[in-house]
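The values are calculated or read from the model by the stated rules, or taken from the named source; none is laboratory data. Fair warning: this is a prediction, and the values are worked out from it, not measured in the lab. Surface areas here come from the heavy atoms of the whole protein model, side chains and all, with no ligands, DNA or RNA. Shrake-Rupley method; radii C 1.70, N 1.55, O 1.52, S 1.80 Å.
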Amino acid sequence: MDKFSFEVLGIGDTKSFDLNETSPAYQFLTGKSISKAFLLPLSSYPYVVTISSYMLGDNIDSAYIFFPK
């Protein structure tokens, strides 16, 4: 993970981005995954990071959705 290119986030920042076949990928223990890395701000803890995802595809049987763990 030391080769990740981290995008810096500030308190109150809002980011919008797409993950697709040209996005960076990492070989995690559970398998290769397209990813985006962020450097979270140093601040009083705890704070909240909210992630929203939108379905891609016209057919519910073949659509994709991001579901972070």
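Values as computed for the structure displayed
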| item | result |
| --- | --- |
| Output for the range 17-65, where each listed residue is at pLDDT 75 or above and part of a strand (DSSP E or B) | Ala25, Tyr26, Gln27, Phe28, Gly31, Lys32, Ser33, Ile34, Ala37, Phe38, Leu39 |
| Number of the exception - Pro68 against (1) open to solvent by 70 Å² or more (accessible area, probe 1.4 Å); (2) in a loop (DSSP other than H, G, I, E, B); (3) modelled with pLDDT under 80; (4) of a type outside the set (A, V, I, L, M, F, W, C) | (1) |
